[in-house]
Amino acid sequence: MWYQFFKFTIFLPMVKYGYGTKVIGKENFPRQGGAILASNHIGALDSLVIPASMPRKIIFPAKAELFTGEGGVGSKIVAWFLKNVGMVPMDRSGGRASAQALGSITSVLADGNVVGIYPEGTRSPDGRLYKGKTGMARMALSNRVPVVPVGVSGTKSFKGPFGLPWLRRPVVIIGKPLDFSAHATDKPSTKLLRWVTDETLAAIQQLTGQEYADVYATRVKHGDLKDVGSDEFVLPRPGGGEPPEAGADDA
């Protein structure tokens, strides 16, 4: 109830009429059944623009600490909002906690819902598309659900009315669902996970036209490439396009 209330009374009008968002390819979005929405990530408002633009409810995993409400009134409001619109806490500490978080996502998909994921794991530091993490691929393969590639552009915000973050005519493009069911397995190899991830990123790249850098964005934002950038890692596309042979190990 709260998700629909916030979407149709606040967020959709703001995204559609305030920002002037253009949505292309709505006919490609699955009308029912579990699915994973995989998108590039270039601006903080992506997580507002994307779900407001989709024909179905999108559930994004959010950092587990945001659900605690610790840290003052603002934190309590954020925690209340996330819980009441149905977002899923994602514990990134590893081990049993992370496994439980993935179990929650499995339940969401099994119930026929759509989970939104940014495979790059963080916002692009320079507008390029970066190497994807394989968690999304593991979810798709183990839950046997399609992946819907989505490309966003124009979501770099600026100060707008009343000092609020604002956008000017962003574009959201929904691609045709990717079916990896022929490779579905509960125990995918590292090579298979990487192939599914690369194919998903390649589909996103076709929608956005972004230059691709075959390195994790976190290295460019916070790691050893912070001062030098990712120029030496630029490739025409993610991966090579060929699936791993059946039964291939990770040697």
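The values are calculated or read from the model by the stated rules, or taken from the named source; none is laboratory data. Predicted model, so just to flag it, every value in this text is computed and none were measured. Neighbour counts run over all protein chains shown; Cβ positions are idealised from the backbone, glycine included. The accessibility values were calculated without ligands, DNA or RNA, using every heavy atom of the protein model including side chains. Shrake-Rupley method; radii C 1.70, N 1.55, O 1.52, S 1.80 Å.
Things worth noting here:
- For region 54-75, the candidate set comprises residues that are within 20 Å of G112 (Cβ to Cβ) and in contact with a strand residue (DSSP E or B) (Cβ under 8 Å, 6 or more places away or on another chain); within that set, the residue that is modelled with the lowest pLDDT is P61.
- Residues within region 1-12 that are farther than 14 Å from P51 by Cβ and in contact with a helix residue (DSSP H, G or I) (Cβ under 9 Å, 6 or more places away or on another chain), tallied: 1
- Restricting region 1-40 to residues that are in contact with a Ser or Thr (Cβ under 7 Å, 6 or more places away or on another chain) and within 17 Å of R168 (Cα to Cα), the residue that is least open to solvent (accessible area, probe 1.4 Å): V15
- So A137, is it within 24 Å of V220 (Cβ to Cβ) and not in a strand (DSSP E or B): yes
Residue-wise test of (1) outside any loop (DSSP other than H, G, I, E, B); (2) at pLDDT 95 or above; (3) open to solvent by 50 Å² or more (accessible area, probe 1.4 Å).
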{"position": "E199", "(1), (2), (3)": "yes, yes, no"}
{"position": "Q205", "(1), (2), (3)": "yes, yes, no"}
{"position": "Q210", "(1), (2), (3)": "no, yes, no"}
{"position": "T218", "(1), (2), (3)": "yes, yes, yes"}
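- For region 227-247, the criterion of being in contact with a strand residue (DSSP E or B) (Cβ under 7 Å, 6 or more places away or on another chain), buried (at least 20 other Cβ atoms within 10 Å of the Cβ), at pLDDT 95 or above and not in a helix (DSSP H, G or I) is met by at least one residue.
- Close Cβ contacts (under 7 Å, 6 or more residues apart or on different chains) running from residues in region 201-219 that are in contact (Cβ under 8 Å) with a residue 60 or more places away in the chain to residues that are open to solvent by 70 Å² or more (accessible area, probe 1.4 Å) and in a loop (DSSP other than H, G, I, E, B) comprise Q205/R237; Y212/R237.
- Single match in G223, G132, G121 (criterion: at pLDDT 95 or above, small (G, A, S) and surrounded by 15 or more Cβ atoms within 10 Å (Cβ to Cβ)): G132
- Conditions (1) touching a residue at least 40 places away in the same chain (Cβ under 8 Å); (2) farther than 15 Å from S39 by Cα; (3) acidic (D, E); number of the one not met by E245: (1)
- Matching residues, region 146-194, being free of Cβ contacts under 8 Å to residues at least 60 places away in the same chain, open to solvent by 60 Å² or more (accessible area, probe 1.4 Å) and either among the aliphatic types (A, V, I, L, M) or not in a strand (DSSP E or B) (or both): P161, F162, L164, D179, S181, A182, D186, K187, K191
- Residues in region 1-53 that are of a type in the set (S, T, N, Q) and under 20 Å from the mean Cα position of the chain (by Cα): T21, N28, Q32, S39, N40, S47, S53.
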